[in-house]
């Protein structure tokens, strides 16, 4: 073997080693955070008088035990992938979109309105029409805090929190007023069922909505790292003043980022309506947008990291009932474990101390550009 071949092999081995090291640094903190949450959750189960082995076994059985369980997990994970993408996408521009819940609600109810309000269309037209309508509703609602931040300096954390309550009340009014299901015997606030032509089908045990969510993650990744727009979004997130000095229209990028973030959340709501619930009903979508914050942080705000994070949370939600029935554990235990995961991911100094790992600049997550800054 020549010296050149040896050098080439050493260089290749070094490149592979560096790549594996980067992957490990990317996944080690979330994985350790999950493990710590599971361990502390086991302690809580023991204190409450339940068996951790029986509880976690039931949780796994309820989420991956058979084909129906897997379908239920994917069903639960679908809107979580999209709400996680919405939050993660905004993070890349240094924006903290807590309004994914409101954007998701508008996407859900507009998709329902297009689903039951239009009849006679073939599924190939009706499904994407309702899906696009829901996504567009989320985008327009997401543009509001973006515009407020750009033109008034109002912080997106405050405006998106307030707009969540506005969305909840408006959608509740529509579901209990002009769009209420008036079929005989109905006394609850909900819209009529959507037409069969607007229902998103399943492919075996895989909901088509989950496939669309994964496709959205791929498109989001491509947009952020392989387009000029994505480069501008990430540059604004790193330093808006430097970005403006370089000729990037920071105001436009801020509004557009919030619009695209809202579009992803609205799409999640539309898929929930078209592929799961079959109508809009207040209370059925509670918390999905807020769970996106947990998922975005657990996935290190990377589009591909969001998918396994959403699957984890979706599995916890899908298996919670089985855990309750088989092991006598309250549903709230899964919420406690999820909160612990978020705690360890957000306060990752604890995890890094355990792993003896220092944080690099590339791994830091910018939650916001600061109060009043544009």
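Read the figures in this text as sums done on the coordinates, not as results from a lab. Worth saying up front: this structure is predicted, and the values here are computed from it rather than measured. So basically every Cβ, Gly included, is an ideal-geometry build from the backbone, and we count neighbours across all protein chains shown.
Some points to look at:
- Listed peptides 51-57, 309-315, 86-92 by packing density, highest first (mean Cβ within 10 Å): 86-92, 309-315, 51-57
- Length available on full extension from residue 321 to residue 119: 0.36 nm per residue minus the Cα-Cα distance, which gives 69.1 nm.
- Kirkwood-based shape ratio for the range 73-314, expressed as Rg/Rh from alpha carbons: 0.99
- Full extension of the chain between residue 161 and residue 203 gives 11.4 nm of extra length, using 0.36 nm per residue less the Cα-Cα distance.
- The simple spin-label model puts a point 7 Å past each Cα toward its Cβ; for residue 229 and residue 284 those points are separated by 3.1 nm.
- Shape box of the range 119-226 [Cα atoms, principal axes, largest first, Å]: 49, 40, 24
- Inter-part distance where the range 152-213 and the range 215-260 are each reduced to a Cα centre, Å: 29
- Treating each Cα of the range 222-285 as an identical point scatterer and summing with the Debye formula, the log10 of I(q)/I(0) at q = 0.19, 0.28 Å⁻¹ comes to -0.72, -1.14.
- For peptides 185-193, 275-283, sequence by mean Cβ density within 10 Å, most packed first: 275-283, 185-193
- Temperature 25 °C, viscosity 0.890 mPa s: under these conditions the Stokes-Einstein estimate for the range 186-298, based on its Kirkwood radius over C-alpha pairs, is 148 µm² per second.
- Approximating the spin labels as points 7 Å out from Cα along Cα→Cβ, the residue 238-to-residue 54 distance works out to 5.4 nm.
- Helix content alone sets the calculated 222 nm mean residue ellipticity of the chain: runs of n ≥ 4 DSSP H residues at -39500 (n - 2.57) each, divided across all residues, give -25000 deg cm²/dmol.
- Overall, the anisotropy analysis places the range 165-227 in the oblate class: the square-rooted eigenvalues a ≥ b ≥ c of its C-alpha gyration tensor yield a/c not less than 1.5, with a/b not exceeding b/c.
- Sorted on the mean count of surrounding Cβ atoms within 10 Å across their residues, most packed first, peptides 204-217, 129-142, 328-341 read 129-142, 204-217, 328-341.
- The range 32-101: C-alpha gyration tensor shape, a/c 1.5 cut-off, then a/b vs b/c: oblate
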